[in-house]
Amino acid sequence: MHTEISHTMIHSFFVFLIPLLCSVLFIQGCGNYFQPLQRRQATIGEPSSNYRALLSLPAPKEKIVAAVYKFRDQTGQYKPSSTTSSFSTAVTQGATSILLKALEESGWFVPIEREGLSNLLNERKIIRSSRAEYMGNSAEETKQPLLPPLLFAGVLLEGGIISFDSNILTGGSGLKYFGVGASGQYRQDRITIYLRAISTQNGRILKTVYTSKTILSQAVDANLFKYVNFQRLLEVETGYSYNEPPEVCVREAIEKAVQSLIIEGVFDNLWELKHPSDMTPLPIQTYIREREEAKISDYFGEQLFNRGFFAVSADAGGQMYTGDYPNADTKPAFSASAIVNLSPELGVQLRFGHGGIAAQQYFSSIQNFAEVNLLYRMLPQYRLTPFITGGAGMFITTTQAEYSNVGTVENKWLTTLCAGAGMEYLIFNNIGLTLSGDWQYFLSDDLDAMNKGKYYDYFWVARFGLTWYFGSW
């Protein structure tokens, strides 16, 4: 009796202790980053990921005096809320200050005050009136220097935060087994910045650039819900969430826009480098590569591909028969195809191949075949795309049936209907790796030399191959 009680207590103790220790370790491991246990002092603002690239730009031949009157939020978006209406804006209203700091830190601009211009002019009036009041008409008044004139801008910078797109990508996953589970969720928003440089002498728009930055929010949680003993329930929960600060994302997008404006202006000869040979440093070369990649990328940053209007492929796999005999074997199959793409999505496939099917000791068949299929790619511009095929084929078969009075039948012509599906992954820009499965349904019951059953004979094919694309749209 005591032994049973001891074993039960020990079991309950470990069932309770192990999940608790795991939860404590999980919380402690995440606590250094996500769970503040004490107050923190004010710190210097952290740099964005684009900050170093902005600072490492080559020096200008002459700094540009630039004015920014207002760089504002033009989205009109409020923070999303599922419970109550919110009147807090989704993005910062202080984008002008962020832009002025980015212009100053780039080393290319001399930013001048225009957002608070009325305050500046009032202060200058106060200085002049104070001097006139306290100096009077004495001789010292004539010795007082006049206020220096205000700087005027050669370039006016305009634009703003023109878009805030929420929930452009959402998802999650989870698993629960016997009361123990974990799950994760994520959401992705995006902001877009437009920035343009205008000549103050003639009003001509010199250059317009735009950048975008995603805002990631994610949450991870784990829980345990388990009866450790009669009327004793153990419940443990832990987790954390992480949200990119929108202000940091706005700052990074603005810094990227300033960098783009500088480099694009150099390309268009709007302003010059101090040393013309400075076109080769890493920041400029990196920007050129990013610009070329952006031309062939979608709004998720995924690279887009051109699969070309003609392709050839070769594949190998196995075939499994389903018909009037049991105990089907898997036999090898090989094929080669030529594909003419009528559009990026739709193509016509002509396939030739050789294979075999068998049902152990009952029968075996050797086949040569030709097929014509329509091929439809669901995501033709992406590296990974599903596809489906459908069409018809002609088979020349040689069949040996041991338990039939037919014996060996040579060169029998059979017609099939074909249907298939698969995935293709581009390992290079013009070479794709394919994995597919096909269903071949014969329009007669003569494949296995046995006419029996409700349905005609058919077989399944699994293929693995390579596709080479030529040309471009």
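The values are calculated or read from the model by the stated rules, or taken from the named source; none is laboratory data. As the structure is a prediction and not an experimental result, all values here were calculated from the model. Counting neighbours? That spans all protein chains shown, and the Cβs are built from the backbone with ideal geometry, glycine included.
All but one of (1) at pLDDT 90 or above; (2) over 30 Å from Met279 (Cβ atoms); (3) buried (at least 18 other Cβ atoms within 10 Å of the Cβ) hold for Ser97; state the number of the condition that does not hold.
Status for Ser97: all satisfied but (3).
Any idea which of Glu290, Glu302 is modelled with pLDDT of 85 or more, of a type in the set (Asp, Glu) and out of contact with any strand residue (DSSP E or B) (no Cβ under 7 Å at 6 or more places or on another chain)?
Numbers: Glu302 fails: modelled with pLDDT of 85 or more.
Answer to the selection: Glu290.
Taking the conditions exactly as written (touching a helix residue (DSSP H, G or I) at 6+ places or on another chain (Cβ under 7 Å), more than 23 Å from Leu99 (Cβ to Cβ) and not aliphatic (A, V, I, L, M)), does Tyr240 satisfy them or not? Spell out how you get there, then give the answer.
On the way: touching a helix residue (DSSP H, G or I) at 6+ places or on another chain (Cβ under 7 Å): yes; more than 23 Å from Leu99 (Cβ to Cβ): yes; not aliphatic (A, V, I, L, M): yes.
So Tyr240 fits the description; yes.
How many residues are without any contact (Cβ under 8 Å) to a residue 60 or more places away in the chain and either of a type in the set (Ser, Thr, Tyr) or touching a Leu at 6+ places or on another chain (Cβ under 8 Å) (or both) when one looks only at the range 151-188?
10
Can you tell me which residue is farthest from Leu350 (Cα to Cα) among those in the range 379-389 that are in contact (Cβ under 8 Å) with a residue 24 or more places away in the chain and among the hydrophobic types (A, V, I, L, M, F, W, C)? Talk me through it step by step, then tell me what you get.
Within the range 379-389, the subset in contact (Cβ under 8 Å) with a residue 24 or more places away in the chain is 380-389.
Checking the rest, the ones that are also among the hydrophobic types (A, V, I, L, M, F, W, C) come to 384, 387-388.
Numbers: Leu384: 22, Phe387: 16, Ile388: 15 Å.
Checked the range 379-389; the qualifying residue farthest from Leu350 (Cα to Cα) is Leu384.
A quick yes/no check of all residues on (1) assigned by TED's automatic domain parsing to the domain that holds Arg190; (2) without any contact (Cβ under 8 Å) to a residue 40 or more places away in the chain:
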residue	(1), (2)
Asp278	yes, no
Pro281	yes, no
Ile288	yes, yes
Phe300	no, no
Gly317	no, no
Asp324	no, no
Phe334	no, yes
Pro344	no, no
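Kindly indicate whether any position in the range 195-207 is hydroxyl-bearing (Ser, Thr, Tyr) and surrounded by 16 or more Cβ atoms within 10 Å (Cβ to Cβ).
Our first condition is that a residue be hydroxyl-bearing (Ser, Thr, Tyr); within the range 195-207, this holds for 199-200.
Narrowing further to those that are surrounded by 16 or more Cβ atoms within 10 Å (Cβ to Cβ): none.
No: the range 195-207 contains no residue that is hydroxyl-bearing (Ser, Thr, Tyr) and surrounded by 16 or more Cβ atoms within 10 Å (Cβ to Cβ).
Just give me the residues in the range 229-246 being surrounded by 15 or more Cβ atoms within 10 Å (Cβ to Cβ) and in a strand (DSSP E or B), in sequence order.
As a first pass, look at the range 229-246 and keep what is surrounded by 15 or more Cβ atoms within 10 Å (Cβ to Cβ): 234, 236, 238-240, 244, 246.
If the condition is that a residue be surrounded by 15 or more Cβ atoms within 10 Å (Cβ to Cβ) and in a strand (DSSP E or B), then Leu234, Val236, Thr238, Gly239, Tyr240 are the ones that fit.
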